[in-house]
Amino acid sequence: MDKFQGMQLFARVVEAGSFTAAAEALGISRALASKLIQTLEESLGVRLLNRTTRRVSLTDAGRNYYQRVSEILAQLAEAEAEAAELQVEPRGRMRLSAPISFSTRHLAPALSEFQRRYPRVELEVELSDRLVDLVDEGFDLAIRIGKLADSSLVARRIASACLVMVAAPGYLERAGVPKQPADLGKHNFMVYTLATRRDEVALERDGTTETTRVHGNLRVDNGDYIAAAALAGHGISVLPTFIVGEHLQRGELVRVLEEWTIPSLGIHAVYAQTRSLPAKTRVLIDFLVERFGPQPYWDCLGPQTAALDAARESAMV
């Protein structure tokens with residue numbers, strides 16, 4: 001007897017509560033089913049089932065064996081389903097939650113390319129910087145930036161978000177160029193209110209971290225708004241390069257205290273735990289990882305020294 005067949009039959013007998021029902025489900029005779037279970041017990045050297053004329057019950061050994069067997073059969077069914085799904089074009093409706101600034105600049109063109117590859121996937125995207133409840137609100141996937149809280153959700157890193165401190169050259173000419181972290185307290189600092197640390201900045205250099213309190217007259221919950229204010233010369237702020245990368249490359253903004261670094265953030269695709277992730281969701285996550293990669297294109301910044309040096313010289317006049 002094939003042991004796998006025996007495992008399947010044993011599970012059926014337990015779940016159906018009788019040899020007759022299990023035999024009918026598998027299209028074999030009751031006598032053959034009884035013989036196969038007996039052969040399985042002999043091969044294992046233990047009794048799995050107590051048999052009476054009216055009912056079948058598990059022995060202690062049978063109870064433990066059934067638990068393991070049911071897990072194996074469930075994993076096999078899941079593997080078969082995944083293998084079959086890979087042969088099918090991803091399709092269906094998918095609800096996605098994503099942050100505003102990152103989505104309008106980078107996710108939108110990425111999703112357009114994704115849907116050209118997989119036109120049978122229908123996307124419903126909700127842009128919001130709030131943390132949605134994936135299960136209660138019916139989202140298949142969420143894109144989240146920053147440190148993830150411990151939860152029952154599954155997260156896969158799709159890219160990094162490098163943080164930089166920036167200002168417009170005109171602001172630095174007018175207000176002066178900070179030379180050390182303590183100088184930030186003398187400047188108008190624009191605060192992103194959804195950040196974990198709102199009124200202080202932690203800077204690192206040579207293995208040392210220095211935390212500085214900052215303050216200013218503008219507090220906003222949107223990075224694009226802060227970037228626009230920085231371009232207008234309103235003050236200094238910490239922003240991700242996926243927002244300000246192009247402005248830095250064009251010299252419209254310059255990095256402040258460039259010799260100091262700010263810990264980067266992770267960009268993650270987050271979804272609820274499931275025994276089998278739908279093909280449409282799995283393919284989208286793989287696509288985003290491939291598109292953005294460990295070194296995203298928005299971090300390919302050119303040298304900023306010329307604009308910053310000009311601001312320093314003007315501030316010293």
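The values are calculated or read from the model by the stated rules, or taken from the named source; none is laboratory data. These numbers were taken from a predicted model, which means no experiment stands behind them. Every residue, glycine among them, receives a Cβ derived from its backbone with ideal geometry; neighbour counts consider all protein chains shown. Accessible surface is based on the protein model in full, side chains and every heavy atom, while ligands, DNA and RNA are left aside. Shrake-Rupley method; radii C 1.70, N 1.55, O 1.52, S 1.80 Å.
Output the qualifying pairs, or none if there are none: Cβ atoms under 8 angstrom, residues six or more apart or on different chains, first residue in segment 37-57 and within 14 Å of V14 (Cβ to Cβ), second residue open to solvent by 70 Å² or more (accessible area, probe 1.4 Å) and modelled with pLDDT under 85.
Pairs found: L40/M1; L40/K3.
Could you list all residues from segment 1-15 that are assigned to a helix (DSSP H, G or I) and either farther than 20 Å from A61 by Cβ or among the polar types (S, T, N, Q) (or both)? First the steps, then the outcome.
Taking segment 1-15 first, the residues assigned to a helix (DSSP H, G or I) are 3-15.
Matches in segment 1-15: Q5, Q8.
Suppose we filter L265, L231, L301 for residues that are surrounded by 14 or more Cβ atoms within 10 Å (Cβ to Cβ) and either at pLDDT 90 or above or touching an Asp or Glu at 6+ places or on another chain (Cβ under 8 Å) (or both); which single one remains? Steps first, answer last, please.
Values: L265 fails: either at pLDDT 90 or above or touching an Asp or Glu at 6+ places or on another chain (Cβ under 8 Å) (or both); L301 fails: either at pLDDT 90 or above or touching an Asp or Glu at 6+ places or on another chain (Cβ under 8 Å) (or both).
Within the list L265, L231, L301, the selection yields L231.
Of all residues in segment 211-237, which are under 23 Å from Q180 (Cβ atoms) and touching a residue at least 40 places away in the same chain (Cβ under 8 Å)?
Passing the criteria: A230, G233, H234, G235, I236, S237.
Please go through segment 30-64 and give me each residue that is of a type in the set (V, I, T) and in a loop (DSSP other than H, G, I, E, B), ordered by number. If you could, list the steps in order and put the result at the bottom.
Here is the first cut: in segment 30-64, the residues of a type in the set (V, I, T) are 37, 39, 46, 52-53, 56, 59.
Once the filter is applied, which keeps residues that are of a type in the set (V, I, T) and in a loop (DSSP other than H, G, I, E, B), segment 30-64 yields V46, T52, T53, T59.
Go through segment 207-222 and give me each residue that's over 22 Å from G233 (Cβ atoms) and open to solvent by 90 Å² or more (accessible area, probe 1.4 Å). Step through it out loud before you land on a result.
Step one: filter segment 207-222 for residues over 22 Å from G233 (Cβ atoms), giving 207-211, 213.
R213 - this is the single residue of segment 207-222 that is over 22 Å from G233 (Cβ atoms) and open to solvent by 90 Å² or more (accessible area, probe 1.4 Å).
I'd like the full set of residues that are under 13 Å from G235 (Cβ atoms) and open to solvent by 10 Å² or more (accessible area, probe 1.4 Å), limited to segment 191-200.
Keep residues of segment 191-200 that are under 13 Å from G235 (Cβ atoms), which gives 191-192.
Scanning segment 191-200 gives a single hit, Y192.
Is there a residue in segment 178-191 that is of a type in the set (A, V, I, L, M), in contact with a helix residue (DSSP H, G or I) (Cβ under 9 Å, 6 or more places away or on another chain) and closer than 19 Å to P263 by Cα?
So in segment 178-191, the residues of a type in the set (A, V, I, L, M) come out as 182, 184, 190-191.
Checking which are in contact with a helix residue (DSSP H, G or I) (Cβ under 9 Å, 6 or more places away or on another chain) leaves us with 190-191.
Then keep just the ones that are closer than 19 Å to P263 by Cα; that gives 190-191.
So far as segment 178-191 goes, yes, one or more of its residues are of a type in the set (A, V, I, L, M), in contact with a helix residue (DSSP H, G or I) (Cβ under 9 Å, 6 or more places away or on another chain) and closer than 19 Å to P263 by Cα.
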